[in-house]
Amino acid sequence: MIANLLDFASRDWRSAVEIGILWLIIYHGYLYFRGTRGAKVLTGLALGLLTLILVSELLRLVVILWLIRYITAFLAVALVVIFQPELRRALAALGSHHFFSATPQNRETIEVITEMVFELSNRQFGALIAIERDINIGAFAETGVGIDCELSPELVVTIFQPKTPLHDGGLILRNDRILAAACIFPVSQREDLDRNLGLRHRAALGLSEESDAVTLVVSEETGIVSICHRGKIERNFDPESFKLRLGELFLQEGEDESADSEPVGGEGRFAGARERPLVPHPKEP
């Protein structure tokens, strides 16, 4: 018995490897497409094709079987066209893996970003900030107002003050500089998102799906800080956990690529934020 098993393993191990590779591709493909607009298209297409094949086989519909056989030759091209957004995001995520990347951010920049984000949070100024990494997001910067100046917490807080001309839209940071403000980001079309997520959060997720940028969101209603990265959202940070997570993303110290979309970080108000505001509140003298 053991000899037969060893003989089978020695002869057919390649088949086992092929089955394992195909299973991984199908499983991870399912995980990636689940919840996207393309998932329903793929499900409907597969069910329709399988139903047509089964009916044709049972009723011996020779002409339909012949058509299906030749139509499948063009199906691969059709799938590339239908799933072009999802395929582009998958390839962008693969190319932006930390093995290939070299992020320019340092600890001082992370300190500055943390300071300005929680100043915005304490004032409950809604904010949407994208930090460019390896994939160029200059096309989205062109939809806003070019600034191109050094990163300054005071300037960022001023930009996101309500009723200022540039507060509505996203801010883009590149190489420790403010590239543009009032930018328009693509909105995520995922159907498995929490309905309580507003347009800012969906725009942050959309940009993180289109590129490897890290997008930061401050809720105008609650002051909750969120981080979006590679199509995932992490919420409810306090200053320390926020700084730690940015360090993992930009300094690559034990980055956890498998982080899920459940809220992480601290709860409640943010005790570590600055006591003195960077920009005086309009109601203050």
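The values are calculated or read from the model by the stated rules, or taken from the named source; none is laboratory data. Note that the structure is predicted; figures quoted are calculated from it, not measured. Methodologically, a virtual Cβ is constructed for each residue, glycine included, from the backbone with ideal geometry; neighbour enumeration extends over all protein chains shown. With ligands, DNA and RNA removed, areas are computed over all heavy atoms of the protein, side chains included. Shrake-Rupley method; radii C 1.70, N 1.55, O 1.52, S 1.80 Å.
For Ser226, the stated conditions do not hold, so it cannot be described as at pLDDT 90 or above, surrounded by 22 or more Cβ atoms within 10 Å (Cβ to Cβ) and under 26 Å from Asp148 (Cβ atoms).
Quick check on the stretch 56-67. Is at least one of its residues over 28 Å from Leu249 (Cβ atoms) and either in a loop (DSSP other than H, G, I, E, B) or at pLDDT below 75 (or both)? There is at least one residue in the stretch 56-67 that is over 28 Å from Leu249 (Cβ atoms) and either in a loop (DSSP other than H, G, I, E, B) or at pLDDT below 75 (or both).
Residues that are modelled with pLDDT under 90, under 14 Å from Asp212 (Cα atoms) and open to solvent by less than 60 Å² (accessible area, probe 1.4 Å) within the stretch 106-134 comprise just one, Arg133. Scanning the stretch 135-153 for residues that are among the aliphatic types (A, V, I, L, M), under 22 Å from the mean Cα position of the chain (by Cα) and part of a loop (DSSP other than H, G, I, E, B), we see that the one that is modelled with the lowest pLDDT is Ile135. Of the numbered conditions (1) free of Cβ contacts under 8 Å to residues at least 12 places away in the same chain; (2) over 20 Å from Ser219 (Cα atoms), Asp194 satisfies every one except a single condition; which is it? For Asp194, the exception is condition (2). One residue stands out in the stretch 154-182 among those that are among the β-branched types (Val, Ile, Thr) and under 24 Å from the mean Cα position of the chain (by Cα): the one that is nearest to Ala203 (Cα to Cα), namely Ile172. The residues listed here are Glu191, Glu220, Glu262, Glu257; of these, the one that is part of a loop (DSSP other than H, G, I, E, B), touching a Lys or Arg at 6+ places or on another chain (Cβ under 9 Å), modelled with pLDDT of 90 or more and open to solvent by 40 Å² or more (accessible area, probe 1.4 Å) is Glu220.
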